[in-house]
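J.: The structure follows.
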Amino acid sequence: MKNGYESRRLLDQYLLFHYGSAEQILQGSHLDWQPDHEGLHFSVATVFSTLIFDLISEKQEGSLRALDVGCAVGRSSFELSRLCGEVMALDYSQAFIHAAQQLQQGQPMRVMRYGEGQVGSELDVSLPTGVAAERIKFEVGDAMNLREDLGSFDLVHAANLLCRLSEPMRFLERLPALVKPGGQLVLATPCSWSEEFTPLENQPSGTTLDLIRSSLGEAFELKRELELPFVIRDHARKFQISTSQTTVWLRK
């Protein structure tokens, strides 16, 4: 199946979504939003607004091992590196991983921000300050076919991934082996199921949370549930405005 996440336009869109400032994202729009709108900082919020680190002692900081599945162009992976000693970051898109690696090396990425049609302006996005980029290993990987030698992790993070998988159960069934006892799992999904990505027979018959509960309930305890907004710019007059159902689980 062709991977639609390799196009240059989508790469530009995700780089702006992950690394653009509020002013850069909103420039030219007629939306009356404040720069601190939470939806403009989603890739940071899935790490820090979930309060996952309030269960981690200072002694553990810097020694934690994290896995970021579906990391896209890597912003959440860089945020995880602030407190984790090792971050494995995987995405199915080679273009996304290549961009994350360039940023990791300190190279700004040139992004086209569209006004309308093919008309736009170019800008640069860069690595956020204060991250420990050297702690991250970016790698192309398939969430439904994760390699067996990954090992286990203190924290597994997967944002806006589940409803883009053709066989989501294959990923959910792998999670108990990936999270260490006492470790944490963060799952965020807008529950935007579509036959473009997931055949109807592989979509939940009920709610997405019911599917996750039935899959994880024996191995995990649900600790938190919240809705995190996110905003993706298509062009100056069109923005995708959604919320992601975000759950935090503790491995039993």
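J.: For residue 132 and residue 210, what is the calculated FRET efficiency with R₀ set at 45 Å and r taken between the beta-carbons, to the nearest 0.05?
T.: On the way: r = 38 Å, r/R0 = 0.84.
Here the calculated transfer efficiency is 0.75.
J.: Still on this structure, please answer the following. Distance from a point 7 Å along Cα→Cβ of residue 29 to each backbone N in the range 109-123: keep the residues under 13 Å and list them by number.
T.: Label zone hits: 114-115.
J.: Where the centroid of each part is defined by its Cα atoms, how far is the range 65-86 from the range 162-197 in Å?
T.: If you average the Cα positions of each part, the centres end up 16 Å apart.
J.: How much net charge surrounds residue 79 when only other residues with a Cβ under 12 Å from its Cβ are counted (Lys, Arg +1; Asp, Glu -1)?
T.: Details: positive: 75, 82, 135; negative: 68.
That sum, taken over residues with Cβ under 12 Å, equals +2.
J.: Shifting gears a bit: So how do 235, 30, 41 line up by other beta-carbon neighbours within 10 Å, fewest first? Before the final figure, lay out each step's value.
T.: Working: 235 17, 30 7, 41 22.
Listed from fewest to most nearby Cβ atoms, that is 30, 235, 41.
J.: Sticking with this one: At what distance in nm do the modelled label points of residue 226 and residue 139 sit from each other, each positioned 7 Å from its Cα along Cα→Cβ?
T.: 3.1 nm
J.: I've got another one for you. Can you work out the Karplus-derived ³J(HN,Hα) for every residue in the range 240-252? Use 6.51 cos²θ - 1.76 cosθ + 1.60 with θ = phi - 60°, whole Hz, and x for glycine or proline.
T.: Result, rounded to whole Hz: 8, 10, 9, 10, 10, 5, 10, 10, 10, 10, 10, 6, 6.
J.: In whole Hz, with x marking every Gly and Pro, tabulate ³J(HN,Hα) for the range 20-28 from phi via Karplus 6.51 cos²θ - 1.76 cosθ + 1.60, θ = phi - 60°.
T.: Calculated HN-Hα couplings, in order: x, 6, 4, 5, 5, 5, 8, 3, x Hz.
J.: Can you show me the helix-derived [θ] at 222 nm for the chain, built from DSSP H runs with n ≥ 4 at -39,500 (n - 2.57) apiece and divided by the number of residues, rounded to the nearest 500.
T.: Details: 7 runs with 61 residues, N = 252.
Result for the chain, helices only: -6500 deg cm²/dmol.
J.: With a point put 7 Å past each Cα toward its Cβ, work out how far residue 241 is from residue 152 in nm, to one decimal.
T.: 4.4 nm
J.: Additional query: Counting just the Cα atoms, what span does the range 74-119 cover along each of its three principal axes? Round to the nearest Å and put the largest first.
T.: Cα extents, longest axis first: 43, 21, 16 Å.
J.: For the range 202-227 and the range 112-149, what is the separation of their Cα centres, given in Å?
T.: Their Cα centres are 28 Å away from one another.
J.: Which ordering of 171, 239 is given by a fewest-first count of other beta-carbon atoms within 10 Å? If you can, show how the numbers build up before the last one.
T.: Details: 171 22, 239 17.
Listing 171, 239 from fewest to most nearby Cβ atoms yields 239, 171.
J.: What does the range 56-198 give for Rg and for Dmax, in Å, if only its C-alpha atoms count?
T.: 16.3, 52
J.: How do 69-77, 225-233, 13-21, 243-251 rank on mean C-beta neighbours within 10 Å, highest first?
T.: Highest-to-lowest ranking by the protection proxy: 69-77, 13-21, 243-251, 225-233.
J.: Let me ask something additional. Whole number please: convex hull volume per residue of the Cα set in the range 4-251, in Å³? Walk me through the intermediate numbers first.
T.: Details: hull volume 30.6 nm³, N = 248.
Enclosed volume per residue, from the Cα hull, is 123 Å³.
J.: Further question: By its C-alpha gyration tensor, with a ≥ b ≥ c as the square roots of the eigenvalues, how is the range 147-252 shaped: rounded for a/c under 1.5, else prolate for a/b larger than b/c, else oblate? Spell out each step's value before the answer.
T.: Working: a/c = 1.85, a/b = 1.53, b/c = 1.21.
Prolate, since a/c reaches 1.5 and a/b exceeds b/c.
Each reported figure results from applying straightforward, stated rules to the coordinates on display, with no laboratory input. None of the values given here were measured: they were computed from a predicted structure. All Cβ positions, even for glycine, are placed from backbone atoms using ideal geometry, and neighbour counts span all protein chains on display.
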